[in-house]
Every structure is written in C-alpha cells, then in structure tokens.
Ligand code: SF4
C-alpha cells in the first residue's frame, strides 16, 4: 500500500524539502568542491587505487551526445550530427583510459560497467563496438559483470539492440518520461506508446535481463489523470524497474529550459500528488519502492538489499553490493575511489583539450577525511535503507540532532534503535537529508542516474 502523503506539512516546507530536485540529492553528499585539486593529488588517488588490488572496480562511461536537446534535460550533453566529433571523443576516451590504467594497472577486473549520457545509442554501430573494445582492452570484465546502458527509444533499432546484447550489455534503460502528447510536445520529445512498446518488446526478445524505464514528473501540462494513464501504460509493458524522477526547472543553469513556460508547470503540491500516484500505482501492482524514486519487482536484488539494510548508491546508481571503487570516464563523469571523489570537466572541448595536453581532465575533487567519510556513509545509509542504526547514528555529528528534529513533523522516528524514516517522511527524504548535510552543495553536481536518454 502506498504510504499517505504528508499533507499536514505547510506548503513552504514541501517546496523547500519536497521532491524539488531533478536527479538525486546524493549528488551533493560530501561533494564539496576543491577546484584546485591538482594532478599530483589525482596521481596520489590512483596510486592508492593501484595498491588496492583486491578491490572490485566499477566503471562509468559518459557519452556526451544527443541528436536533439529535450527541453527539460539536465544532463551534460551536446547535440551533434558529426561522425567525426564522436570519433574524436572516442580517441580522447581511449587516451583517458590509457592514462588511468597506466597508473592503476591494465586488465584490472571490473564487476560493473554502466554506459550513460547523453544518449549512448546516438553512436553508430562501429562506434558502439569501438567503445566496448576500448573498455575491454583496458579492463577485464568479470564473466558475471553487471553491464548496463542507457538508450533513447527514438534511436533504437532491432539491429542496434542485437549489437548491444552481442557486445555484452545485459541491462538496458529507456527514457520514456511521459506518454501524454501535450506533455511530450511541451518538452520537445514526442515518442508514441506504439514506438516505446515496439522497442521494449524488441529488447525483451533480444534477451536483455533487465529493462528499466525512466519517467519524469513535474513536467508542463502533467495532470494526475494524464500521468495515471502513463503509469498504467508503463505497467502494461511490465518493466523490471521504473525510475520516477522529479523535474527541476532551473533555466539559469540550463538555458534551454527557458523554452518551458512556467505557467504550465505543476505546483509543489501537485508534483507531490503526481509522485504519490506513481507510488500508489506501482506498489498496488506489486512493485516495491526502493530508495528515493525507483520501483522494482519484489524479487529484485535492490529490494532485498533495502530490506536487509545493505542498499547503497554510488555515482552509477543503486547497488546491492558493497561499495566498489568507481572509475568514471568521459566528460562530467564522477568517480568515487580510494576515499576520494573526483569529477571530470563537463565541457567536452575542455575535457578533450586536457587529455590532448597529457593531463587528467579533472575539474575538481575531494579527498575525504575520516569524518567526511563516516558522515557520508551514514547519510547514504539512511537515504538508501530508510533507517540508521544507533551504532551508525554515532557517525553523524551535528546532522544527528538536526535529523531528530524532523520527528516533530512525523518524518522520522527516533528510538534507542536509531533513526527510522516514516512512510510519510519518504516523500521528503531528499530534502531532509540534503538539509542536514553540512557538506551539501546542492545541485552543483550531477549524479549519474536516469533522466538522460
Ligand atoms: S534528456 Fe536525454 S535524450 Fe534528451 S537531451 Fe537530455 S540526455 Fe539527450
């Protein structure tokens, strides 16, 4: 059953704590920028990683291209129709992997590979094959590695899906966002249910083990009734996972969003009602609500992990496995490794230029202190597992007291066992955690998960 909405909360509270940000608030946990993070510091991080020979690696590859810009987009991407531009990106990607594996060792075993964007399937077939060849020349993918890719259904074909499967991808994610044509026109992304269904069924027939569909709520012209219809059409397809993200209108940062008329956007309370529809529809259909905004089948490993209190989220997404060392390649990629967080330059040209000059294309980074690390782990644990045992609560400093104050609003329960997020508190968990984290620099970084292709 869907938890009830926290309707007793004042509107201002919902606006400031609610489902306000697109993407994941964990983007900010502990990610205080050090703009002067040096090449030497990064070399130190890589040397540290070289010595951790037993630790599992996960790789994220960012593909920063799309064939057209959706008006709601919050991703680091460039519109291009130039094959040469993509080839040059692949050249630079190869250089980046050369430089990193020269330091940490070539052929390191990789347990998880995620290719996101942008639109990874904007690449043509030889380019997709080359991308995988580059990865496999530098790393050794474990036979049972979790391999996933984000795809735009409008760019998918039978041949391409077969190629992706043949290249080793077993999980695939498609951006749907909303199936209502008025909403689609307002966001500059028209794709019919028939087309989405065809692509979905083709992916199933091809053999992909898990198919995720992304939805977005808070878009122009969305109504509860219209969104309900989208939810039911999505349910009919029977996806393995559905991610349901909140749209954040921020044209100052993303000028293309100026084309969205704010008069057509739902209010904070209307957004909450839209998300509540998603929670209700999916939970009544037997899906389980995981983390902030993901719905999975009951037998999904993410749900098991959440129930058992071991769900985690890294810069790739939710994971039921212990934290890995995440290496990120491509513009804007965020790596988490050897007690450090680093992000590549987001600007494609700058990223390429730095690599061409023989430099690591790091925009900023932070080596986590012992205090940073334990506070970040505790907050992530709370956000993923909806509870924080008393033993871990001690890992928080002033954030603990701040969290406890949320009990006044019925958003958390505090007992001798620790802190537990209430069913109502889940709807505003994003804001609660972002507010408590003194390291927060909300919205300044992008967390790689969902809302993309
Ligand atoms: S939403 Fe996805 S497909 Fe659309 S422009 Fe952004 S990255 Fe590209």
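Restricting attention to region 172-187, report how many residues are away from the ligand (no atom under 15 Å from the Cβ) and surrounded by fewer than 16 Cβ atoms within 10 Å (Cβ to Cβ). Count: 2. Residues in region 182-200 that are free of Cβ contacts under 8 Å to residues at least 12 places away in the same chain and assigned to a helix (DSSP H, G or I): 184, 185, 194, 198.
Of the residues making up region 145-171, those that are more than 16 Å from the ligand (Cβ to nearest atom) and assigned to a helix (DSSP H, G or I) are 158, 159, 161, 162, 163, 164, 165, 166. Within region 202-229, the residues that satisfy the criterion of being in contact (Cβ under 8 Å) with a residue 24 or more places away in the chain and assigned to a helix (DSSP H, G or I) are 202, 203, 206, 224, 226, 227, 228, 229.
Regarding residue 29, is this residue more than 26 Å from residue 260 (Cα to Cα) and either surrounded by 22 or more Cβ atoms within 10 Å (Cβ to Cβ) or modelled with pLDDT of 95 or more (or both)? Answer is yes for this residue.
Okay, residues lined up against (1) assigned by TED's automatic domain parsing to the domain that holds residue 74; (2) over 25 Å from residue 114 (Cβ atoms); (3) at pLDDT below 95; (4) surrounded by 15 or more Cβ atoms within 10 Å (Cβ to Cβ):
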position: 167; (1), (2), (3), (4): yes, no, no, yes
position: 170; (1), (2), (3), (4): yes, no, no, yes
position: 189; (1), (2), (3), (4): yes, no, no, yes
position: 194; (1), (2), (3), (4): yes, yes, no, no
position: 201; (1), (2), (3), (4): yes, no, no, no
position: 205; (1), (2), (3), (4): yes, no, no, no
position: 223; (1), (2), (3), (4): yes, yes, no, yes
position: 226; (1), (2), (3), (4): yes, yes, no, yes
position: 233; (1), (2), (3), (4): yes, yes, no, yes
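The sole residue among 328, 268, 252, 248 that is within 17 Å of the chain's Cα centre (by Cα) and surrounded by fewer than 22 Cβ atoms within 10 Å (Cβ to Cβ) is 248.
Has region 44-64 got at least one residue that is assigned by TED's automatic domain parsing to the domain that holds residue 339, more than 18 Å from residue 110 (Cβ to Cβ), under 21 Å from the mean Cα position of the chain (by Cα) and at pLDDT 95 or above? Scanning region 44-64, I find at least one residue that is assigned by TED's automatic domain parsing to the domain that holds residue 339, more than 18 Å from residue 110 (Cβ to Cβ), under 21 Å from the mean Cα position of the chain (by Cα) and at pLDDT 95 or above, so the answer is yes.
The values are calculated or read from the model by the stated rules, or taken from the named source; none is laboratory data. From a predicted model like this one, the values you see are computed outputs, not experimental measurements. When we count neighbours, we look across all protein chains shown, and the Cβ atoms used for this are built from the backbone with ideal geometry, even at glycine.
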